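Just below is one structure, and these are the notes that go with it.
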Amino acid sequence: MARSRLRLALTALGAAAAVAAGTAATPATAAEPRPRVPRYVALGDSFTSGPSIPRQVNARCGRSDANYPSIVREELGIADRTSFTDASCGGATTDHMWNRQGATGNDPQLDSISRDTSLVTLGIGGNDIGFGEIIGRCIHPLGPVESIPRDNPCQRYFTRNGVDELDKRVNETAPKVAAVLKAVHERAPHARVAVVGYPALLGDDIEGCRKSVRIADGDIPYLRGTLRRLNAMLRKQATDRGDLYVNTNATTADHDACQPFEERFVEGLYPRPSRPAVAFHPNAGGERAMAEAVVDTIIFGPSAR
């Protein structure tokens, strides 16, 4: 990051850090103590934690030290690791913000936040609408590519009595995300909070999608629409509270899982060993692109993306 961007980023967070510390954000002099380092806490699911991306620092949660929170920490110049907590964990739902996460042993993620926290990023909601179930239902992993349907069997499955079940799940997740944001602000009343949306998973290259993700042609636009509604919901929950929304979909739009392998920021159904990542998740390049979106949004505001 250029020195000027780093200075802007620290300025954007400095006031919150000073207020959290109980001091006024006044210019430092030689006689004054050094400004308090911003304290950053990252909350989220596997799109935040970065499963299988080297180097894994928490195998049970699939947490990488090359995920977007770790890169954001570096780009914001938070060299003191005690001022950074990454509580993200693969498989997390909004419920795991308050509750211990089963076999992973991950503590309630909200427990990582305190009154001196000055920055919180939150990437959650995908597991609440059933990302894993959706992928399991919609892919066609066996047989030649030619055997993948051209119509929309997945959409028909999730449309019951004329009601889109996935749309319903997105609507039901909205108050859960709102409750998480409320709890974050109660624990860290002076923190800058950024809700991080999900990256572009599926593009409009139907043939590329057939080969990479093995989803029926007609289901590609359907699932793309579901992700768009999920991100729109996350944006609304953030902006309704006056929080930031980070549009990672925009930064990854031309690097979805249907693109040629070398251009992908999100992996397809069968990631290659040469670039470790989990299927339908960001790879290391995707995590970096998400981090850039987070930092740009903190510095320049939502209009930057």
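The values are calculated or read from the model by the stated rules, or taken from the named source; none is laboratory data. As the structure is a prediction and not an experimental result, all values here were calculated from the model. Heads up, the Cβs are rebuilt from the backbone with ideal geometry, glycines too, and the neighbour counts pull from every protein chain shown. These accessible areas exclude ligands, DNA and RNA; they are computed on the full protein's heavy atoms, side chains included. Shrake-Rupley method; radii C 1.70, N 1.55, O 1.52, S 1.80 Å.
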>> Compute the helix-to-body angle for 3-20: its Cα long axis versus the longest principal axis of the chain, expressed 0 to 90° and rounded to tens.
In response: 70
> What 222 nm value per residue comes from the helices of the chain, counting each DSSP H run with n ≥ 4 as -39,500 (n - 2.57) and dividing by all residues, nearest 500 deg cm²/dmol?
Replying inline: -12000 deg cm²/dmol
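Skip the ligands, DNA and RNA, and give the accessible area per residue of the chain with a 1.4 Å probe, whole Å². Kindly include the intermediate steps, with their values, before the conclusion.
Details: 13450 Å² over 305 residues.
Heavy-atom accessible area per residue stands at 44 Å².
Under the rule a/c < 1.5 gives rounded, and otherwise a/b versus b/c splits prolate from oblate, where does the range 156-305 land using the Cα gyration tensor? List each step's numbers first, then the result.
Working: a/c = 2.34, a/b = 1.30, b/c = 1.81.
Judged from the Cα gyration tensor, the range 156-305 comes out oblate (a/c at least 1.5, b/c at or above a/b).
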>> Straight-line reach from Lys236: which lysines fall under 19 Å, measuring Cα to Cα and dropping same-chain residues less than 8 apart?
In response: Lys168, Lys176, Lys182
> Ignoring ligands, DNA and RNA, what percent of the accessible area of the range 88-190 is carbon or sulfur (1.4 Å)?
Replying inline: 51
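Where nothing but the Cβ of Lys and Arg (+1) and of Asp and Glu (-1) is charged, how large is the charge dipole of the range 113-209 around its Cα centre, in debye to the nearest 20?
Values: 11 positive and 13 negative charges, 110 e Å.
Roughly 520 debye, rounded to the nearest 20.
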> What is the dipole size for the chain, taken about its Cα centre, with +1 at each Lys and Arg Cβ and -1 at each Asp and Glu Cβ, in debye to the nearest 20?
Replying inline: 540
>> Rounded to whole Å, give me the distance from the Cα center of the range 257-305 to that of the range 130-145.
In response: 21
>> Using only Cα atoms and rounding to the nearest 10 degrees, what angle (0 to 90) does helix 165-187 make with the longest principal axis of the chain?
In response: 10
> Ranked from highest to lowest mean number of other Cβ atoms within 10 Å per residue, what is the order of the peptides 99-106, 47-54?
Replying inline: 47-54, 99-106
> Check Asn106: other-chain or 5+ apart residues with amide H under 5 Å from its amide H, H built from backbone geometry?
Replying inline: Gln101
